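Trainee: I'd like to ask some things about the structure below.
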Amino acid sequence: MSTLAHGTEPAAVLSDHVPHSTIPWRALAPIAMTAVLALCPAPEGLAQHAWYFFAIFAGVVVGLMLEPLPGGAIGVIGVTLVTVLAPWVLYGPQELAKPGFKAANAALNWALSGFANSTVWLIFGAFMFAMGYEKTGLGRRIALQLVKLMGRRTLTLGYAIVAADTLLAPFTPSNTARSGGTIYPVIRNLPALYDSKPNDPSARRIGSYLMWVAIAGTCVTSSMFLTALAPNLLAVELVKKTAKIDLSWTQWFIAFLPVGLVLLILIPILTYWLYPPEVKESSEVPLWAGRELGQMGAMSLREVLLAVLVVLALALWIFGGELINATTVALAIISLMLLTAVFSWEDMITNKAAWNTLAWFATLVALADGLSRVGFVKWFADSVAAHMGGFSPGMAMIALILVFFFTHYLFASVTAHTTAMLPVMLAVGSTIPGMNMPQFALSLGFTLGLMGILTPYATGPSPVYYGSGYLPTAEYWKLGAIFGVLFIAVFLLLGLPWMAMVK
């Protein structure tokens, strides 16, 4: 679990375990995609250099999906390739003809722009918060305490799992770190207390129920808080660049709150009905959790300090927006964590997942900006909008949300999905007369966590629970479809009207 504890997208988690014989085609596929598209003539109405840029962008997305290299490395390679070829892929003849214009210098400034982006550093900072939970043991203590209090009955144990994830979510931007790295190591010990074994008919005694509640719960909490899923923060930046709309932490939370509460209440009870455990109650689970807490002892000074600091950060994010930038808050809290020895500088510089994510998102922000810069997004949006003339703004919004949500069946990474499709969907929406763009932008962002329920590879912790041995393939796909429809239906029926009221 050491890899999972730092939190990555599923492809990144699995890439360390890919057999050597499968690496060549994974490496060649992005190159082939770029080459094939580049050799095709540019579509009518799109400049040739914009088409070349899109070819490289598409290759990067394929690379992020297959991950022959870590996501950060793929992003750096993509941005570097664009920078080297800037006179042919980033700038048109008119820009190149401007007196004194130096494509090489301008391209380098563009390539490094993502590393100066405040949202990228907020993502990095949130990974440091997650490391604090791991290093101090506070995350495990919270989960065990809830299991001790609510674990006597299987149904309330399901609610304990959901509650633990909800408490950790605002400060853990990776659901892999939160659920796969903190929740899963606790609950994987529970089925054995009921003689519920993986890859065995006894899995349905309780293990299957617990695993499904855990993965479904983390998908909802990933949408509930802006800082609960790294692609949420990327989405906010893409929305700002593409649709010129700023979304705050508080705005995000309030807009999703009714949907999140309803789904978090429904998940344990619906799973209890649709995928019922055979064991309904037991006294063993709270006793086990109590023993584990006893071994942990009293809260350490580092745990207390971390708890104080994360509450301070949350308060400033919610109430201090007019006084201090959210990224500044994160950096200040990290500095205090270093000063109070919550974690060390050595811990910080050896957190590969955090630095990989920094490079990953910084380069993706630049590439997404380039897609708009060269005019591709506007061209594509105009092309799609031409076929949506008969739709009302409301129906067009629902149709685009559904397309965005269910196309996640094609992606093994929420980040890749966000990068590839969010700018395009926003651009299409902006061409529809009467479209409420702030509501549309928020709606697309809210689906990023929810869509993680669809498949065994849809989001970071999915492979963890799928690989637990308690969720057989056929049952996972069936439950994923049922809960996927439930999630998006509740969002459309409850979330959209609520957002219209609180705008």
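Trainee: Using heavy-atom solvent-accessible surface (probe 1.4 Å) with all chains present, what is the largest-first order of His49, His387?
Mentor: Most to least solvent-accessible, the answer reads His387, His49.
Trainee: Can you list the residues of the stretch 461-503 with backbone N under 14 Å from a point 7 Å past the Cα of Ser392, pointing along Cα to Cβ?
Mentor: 497
Trainee: Here is a further query. I'd like to compare 376-386, 442-452: which one has the highest average count of other Cβ atoms within 10 Å, and what's the full order after that?
Mentor: So the order, starting with the most tightly packed, is 442-452, 376-386.
Trainee: Between Phe406 and Phe115, what is the label-to-label distance in nm when each label sits 7 Å out along the Cα-to-Cβ direction?
Mentor: In this crude label model, Phe406 to Phe115 measures out at 4.3 nm.
Trainee: With a 1.4 Å probe and every protein chain kept in, tell me what percent of the accessible surface of the stretch 156-279 is carbon plus sulfur.
Mentor: Here it works out to 62 percent.
Trainee: Using a 10 Å cut-off on Cβ atoms, rank the peptides 212-224, 84-96, 478-490 from the highest mean neighbour count down.
Mentor: Working: 212-224: 28.8, 84-96: 16.2, 478-490: 18.4.
Those peptides, ordered most packed to least, come out 212-224, 478-490, 84-96.
Trainee: Ignoring ligands, DNA and RNA, please state the percent of accessible area on the stretch 21-100 from carbon and sulfur, probe 1.4 Å.
Mentor: 76 percent
Trainee: Using a 1.4 angstrom probe on the protein heavy atoms only, line up Glu237, Glu44, Glu278, Glu284 by accessible area, largest first.
Mentor: Sorted descending by solvent-accessible area, the residues read Glu44, Glu278, Glu284, Glu237.
Trainee: Still on this structure: Would you work out if the stretch 284-436 is rounded, prolate or oblate? Take a ≥ b ≥ c from the square roots of the eigenvalues of the alpha-carbon gyration tensor; rounded if a/c is under 1.5, else prolate when a/b is larger than b/c, oblate otherwise.
Mentor: prolate
Trainee: Then there is this: Set the Förster radius R0 to 30 Å, insert the Cβ-Cβ distance between Ala104 and Trp345 as r into 1/(1 + (r/R0)^6), and round the FRET efficiency to 0.05.
Mentor: The computed FRET efficiency comes out at 0.25.
Trainee: In addition: Would you mind classifying the stretch 212-307 by shape? Square roots of the alpha carbon gyration tensor eigenvalues, ordered a ≥ b ≥ c; an a/c under 1.5 is rounded, otherwise it is prolate if a/b is larger than b/c and oblate if not.
Mentor: Oblate, because a/c is 1.5 or more while a/b does not exceed b/c.
Trainee: Placing +1 on the Cβ of each Lys and Arg and -1 on the Cβ of each Asp and Glu in the chain, which of Phe380, Gly484, Leu64 has its Cα farthest towards the positive end of the resulting dipole?
Mentor: The residue sitting most towards the positive pole is Gly484.
Trainee: Then there is this: State the label only: which of (i) 42.0, 160; (ii) 27.8, 82; (iii) 22.9, 79 corresponds to Rg and Dmax of the Cα atoms in Å computed from the shown model?
Mentor: Here the calculated entry is (iii).
Trainee: Run the accessible area of the stretch 324-392 with a 1.4 Å probe and give the carbon-and-sulfur part as a rounded percent.
Mentor: 66 percent
Trainee: Would you mind checking the tilt of helix 301-319 against the longest principal axis of the Cα atoms of the chain, expressed as 0 to 90 degrees and rounded to 10?
Mentor: For 301-319 against the chain, the angle is about 50 degrees.
Trainee: So which of Lys98/Lys240; Lys135/Lys244; Lys352/Lys478 end up more than 31 Å apart, counting from Cα to Cα? Display every interim value, and only then the final one.
Mentor: Details: Lys98/Lys240 28 Å; Lys135/Lys244 39 Å; Lys352/Lys478 35 Å.
In this structure, Lys135/Lys244; Lys352/Lys478 lie more than 31 Å apart at Cα.
Trainee: Right, something else. Leaving out ligands and nucleic acids, note down the accessible area per residue over the chain with a 1.4 angstrom probe, in whole Å². Let's see the in-between values first.
Mentor: On the way: 19840 Å² over 503 residues.
With all protein chains present, the chain gives 39 Å² per residue.
Trainee: Please give the FRET efficiency for Leu149 paired with Thr80, using the beta carbon to beta carbon distance and R0 = 41 Å, rounded to the nearest 0.05.
Mentor: Plugging the Cβ-Cβ distance into 1/(1 + (r/R0)^6) gives 0.20.
Trainee: Okay, next question. Using only Cα atoms and rounding to the nearest 10 degrees, what angle (0 to 90) does helix 23-39 make with the longest principal axis of the chain?
Mentor: 30 degrees
Trainee: On a 1.4 Å probe surface of the protein chains, which of Lys135, Lys98 comes out largest in accessible area, and what is the full order?
Mentor: If we order Lys135, Lys98 from most to least accessible, we get Lys98, Lys135.
Trainee: When all protein chains stay in place, what accessible area (Å², nearest 10, 1.4 Å probe) is found for Ile142?
Mentor: Solvent-accessible area, nearest 10 Å²: 40 Å².
Trainee: Calculate the dipole size of the chain relative to its Cα centre from +1 charges on Lys and Arg beta carbons and -1 charges on Asp and Glu beta carbons; express the result in debye to the nearest 20.
Mentor: 320 debye
Trainee: Still on this structure: So what's the angle, to the nearest 10 degrees on a 0 to 90 scale, between helix 154-168 and the longest Cα principal axis of the chain?
Mentor: 50 degrees
Trainee: Right, next: Leaving out same-chain residues fewer than 8 places away, which aspartates and glutamates sit with a Cα under 14 Å from that of Lys197?
Mentor: Here the aspartates and glutamates satisfying the reach criterion relative to Lys197 are Glu278.
The values are calculated or read from the model by the stated rules, or taken from the named source; none is laboratory data. All values derive from a computational prediction rather than experimental measurement. We place every Cβ from the backbone using ideal geometry, glycine too, and count neighbours over all the protein chains shown. Ligands, DNA and RNA are excluded from the accessible area calculation, which covers all protein heavy atoms including side chains. Shrake-Rupley method; radii C 1.70, N 1.55, O 1.52, S 1.80 Å.
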